[in-house]
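Enquirer: Below you will find the structure I want to go over with you.
The values are calculated or read from the model by the stated rules, or taken from the named source; none is laboratory data. All values derive from a computational prediction rather than experimental measurement. Because the Cβ atoms are built from the backbone with ideal geometry, glycine has one as well, and the counts that use them run over all protein chains shown.
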Amino acid sequence: MAEQVHSGAPVRDPIADSLVLPIGSRVNEHGRLEVGGCDVVELVEEHGTPAYIYAEDDLRARARAYREAFERRGVDGEVLFASKAFPATAAYKLFAEEGLSVDVASGGELHIALAAGFEPSRIHMHGNNKSDEEILMAARAGIGHLILDSFDEIERAERLLDEPMKVLIRVTPGVKPSTHDFITTGQLDSKFGFGAGDAGGAARAIERVLASDKLELVGLHAHIGSQIFELEPYRLAISALGELAGGWCRVVDVGGGLGVAYTEEDRPPAIDDYVGTKVAGVREVFGDEVRILIEPGRSLVANAGVTAYRVGTVKEIPGVRTYIAVDGGMSDNLRPMLYGSRYEALIADRPAAEPDTTVTVAGMHCESGDVLVRDALMANPAVGDVLVTPATGAYGHAMANNYNGVTRPPVIFCRDGVARQVVRRETFDDLTARDV
Ligand code: LLP
């Protein structure tokens, strides 16, 4: 550090410069973690733990980064919030305010998008097995595009629709980026879409839909996977789409996928570079006239959110490991269990303290695998501390569940030191509310 000071290089502040915490996070005058201007320890005294805490400015900044990346390149198109990443009404509202469109993957997500006030033409619907009700709901609402996923769906939509509907065809372009197998979607062996090659049927699906008087084919879609750090696979996917395109192709939807930093070592590409790669790829293959749709989920919301827990027990097994147990776990963050995902952990009461103890952060569920962070280096965690895991803003609230009768946490938005609860904590009565 002394060397850095002498050389005039700025000293890195591990909290303010963190890649995983929300933009604007800092250590406040009480020495505690502040997110969106709110003291996290005070927040949880009021709202309890676990709690999902978001910095609203961070969500807005990332939405603007996407829009600006489009504007800078003069793109005619739409940035769609892939709402599966954070399906809270307040998030839909916020992104509608920021001028984004939205991607929904079910009737439920469509319902929330409409309730949040999205203009129907800015809603686009996915799903590999949309029901009759979902197709009808989308048609009646007057959504922008239905993204067709299978031959059965083509039949179903034709049978159900009274009026013609604009559709895109989802193509699996035969590209496999390096990410967890469960979240790669662009390979031929996939439940999604139509394969680009002869075996996959995309060319047949295009022919079939072009002949339909109910389905108006306007473009192609590809989403090759999620939490991707490379950019080259997108170019390959776009080239594969180009092989299928004809004069009818006025819209190209290039999906989501941009990876985020879950740990301080992660170095994902910048939003601008990611958008730049996709836009350049589409223009090279399809020309400048085509409309471009992009569907970021994780990269809009992951780093805007943290989860705050209370430490309940510290169990040292001499010579083996020290477990600290928090009051949540796989019910509020399924990602470590599902994908072996890694997270950081810090103590909100003293985030600047030197981390000197290696511990394993366990949840409170009845499974040994319910571990949130293995071998985390932390500042001597003790019972009663508020423990924070950063980067839980995407697919956390979204995949939360009631395992072990646990009530799902509230969602709190913080901005300029003002906190508003946008989703309340579930109650025990909620757990029995559906009983008949
Ligand atoms: N578009 C489509 C058609 C998608 O299926 C997805 C995500 C996205 C866009 C948004 O992708 P993103 O920008 O978030 O990478 N539960 C997993 C992630 C599943 C992603 C599913 N599809 C996780 O927690 O990592």
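Enquirer: Do any strands (runs of 3 or more DSSP E) lying entirely in the stretch 15-94 carry at least 1 residues that are β-branched (Val, Ile, Thr), more than 16 Å from the ligand (Cβ to nearest atom) and touching a strand residue (DSSP E or B) at 6+ places or on another chain (Cβ under 6 Å), and which ones are they?
Expert: 33-35, 51-55
Enquirer: Out of all the residues in the stretch 411-424, is one or more surrounded by 16 or more Cβ atoms within 10 Å (Cβ to Cβ) and part of a loop (DSSP other than H, G, I, E, B)?
Expert: Within the stretch 411-424 (the criterion being surrounded by 16 or more Cβ atoms within 10 Å (Cβ to Cβ) and part of a loop (DSSP other than H, G, I, E, B)), the answer is no, since none of the residues qualifies.
Enquirer: Could you please find all residues in the stretch 326-339 being away from the ligand (no atom under 11 Å from the Cβ), surrounded by 21 or more Cβ atoms within 10 Å (Cβ to Cβ) and not hydroxyl-bearing (Ser, Thr, Tyr)?
Expert: Passing the criteria: VAL326, GLY328, GLY329, MET330, ASP332.
Enquirer: Just name the residue that is nearest to the chain's Cα centre (by Cα) out of those in the stretch 303-331 that are under 30 Å from GLU29 (Cβ atoms) and assigned to a loop (DSSP other than H, G, I, E, B).
Expert: Checked the stretch 303-331; the qualifying residue nearest to the chain's Cα centre (by Cα) is GLY328.
Enquirer: Right, something else. Out of GLY74, GLY144, I need the residue that is touching a residue at least 12 places away in the same chain (Cβ under 8 Å), assigned by TED's automatic domain parsing to the domain that holds LYS214 and not aromatic (Phe, Trp, Tyr). Which one?
Expert: Of GLY74, GLY144, the one residue that is touching a residue at least 12 places away in the same chain (Cβ under 8 Å), assigned by TED's automatic domain parsing to the domain that holds LYS214 and not aromatic (Phe, Trp, Tyr) is GLY144.
Enquirer: What's the total number of residues in the stretch 271-290 that are touching a helix residue (DSSP H, G or I) at 6+ places or on another chain (Cβ under 8 Å) and in a loop (DSSP other than H, G, I, E, B)?
Expert: So the count comes out to 1.
Enquirer: Could you list, in sequence order, the residues of the stretch 48-68 that are under 24 Å from the mean Cα position of the chain (by Cα) and under 16 Å from VAL386 (Cβ atoms)?
Expert: First, the residues of the stretch 48-68 that are under 24 Å from the mean Cα position of the chain (by Cα): 49-68.
Matches in the stretch 48-68: THR49, PRO50, ALA51, TYR52, ILE53.
Enquirer: Return the residues of the stretch 199-234 that are surrounded by fewer than 23 Cβ atoms within 10 Å (Cβ to Cβ), assigned to a helix (DSSP H, G or I) and under 22 Å from the mean Cα position of the chain (by Cα); say none if nothing qualifies.
Expert: GLU232, PRO233
Enquirer: Mind telling me which of the residues TYR309, TYR262 ends up being more than 16 Å from the ligand (Cβ to nearest atom) and buried (at least 19 other Cβ atoms within 10 Å of the Cβ)? Outline the logic, then answer.
Expert: Values: TYR262 fails: more than 16 Å from the ligand (Cβ to nearest atom).
Selected residue: TYR309, the only one of TYR309, TYR262 that is more than 16 Å from the ligand (Cβ to nearest atom) and buried (at least 19 other Cβ atoms within 10 Å of the Cβ).
Enquirer: Regarding the stretch 350-360, can at least one residue be identified that is under 30 Å from ASP181 (Cβ atoms), part of a loop (DSSP other than H, G, I, E, B) and not assigned by TED's automatic domain parsing to the domain that holds HIS180?
Expert: Step one: list which residues in the stretch 350-360 are under 30 Å from ASP181 (Cβ atoms), which gives 358-360.
Remaining after also requiring part of a loop (DSSP other than H, G, I, E, B): none.
No, the stretch 350-360 has no match at all.
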